[in-house]
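K.L.:
Have a look at the structure that comes next, please.
The values are calculated or read from the model by the stated rules, or taken from the named source; none is laboratory data. Just so you know, these numbers come straight off a predicted model, no measurement behind them. All Cβ positions, glycine included, derive from the backbone under ideal geometry; neighbour counts span all protein chains shown.
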Amino acid sequence: MTDGSTLQEEEVEKFRGIVAAQSEAITKLTAEVSDLRKFALVAIDDARGETRTWKDRAAYLEGQRQLDSRLLETFRQKSYRSGADIPEILKKT
């Protein structure tokens, strides 16, 4: 009987070693996945911040373009009132 119980104990120890190795591998994998998740979240947040920056810049530039357009029209009208020639291309429209 001692041979049988010794074999069982050896087998139990062998399985404990396998389980311990698998447990360590799972712990490492969990840490790696957690790091990858953090990296992805930071990358997403950075991209969102960059998108906000570009949207703000586009809105500012559109406002500036509209202001420039109004100023240009004001200067055109003043110029025409002062006797400036109206270009042919503008006379057609």
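K.L.:
Pick out the one residue from R70, R76, R48 that is under 29 Å from the mean Cα position of the chain (by Cα) and part of a helix (DSSP H, G or I).
P.N.:
R48
Condition check ((1) exposed (fewer than 10 other Cβ atoms within 10 Å of the Cβ); (2) aliphatic (A, V, I, L, M); (3) modelled with pLDDT under 95) across all residues:
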{"position": "E10", "(1), (2), (3)": "no, no, yes"}
{"position": "R16", "(1), (2), (3)": "no, no, no"}
{"position": "A21", "(1), (2), (3)": "no, yes, no"}
{"position": "D35", "(1), (2), (3)": "no, no, no"}
{"position": "I44", "(1), (2), (3)": "no, yes, no"}
{"position": "K55", "(1), (2), (3)": "no, no, no"}
{"position": "R76", "(1), (2), (3)": "no, no, yes"}
{"position": "G83", "(1), (2), (3)": "yes, no, yes"}
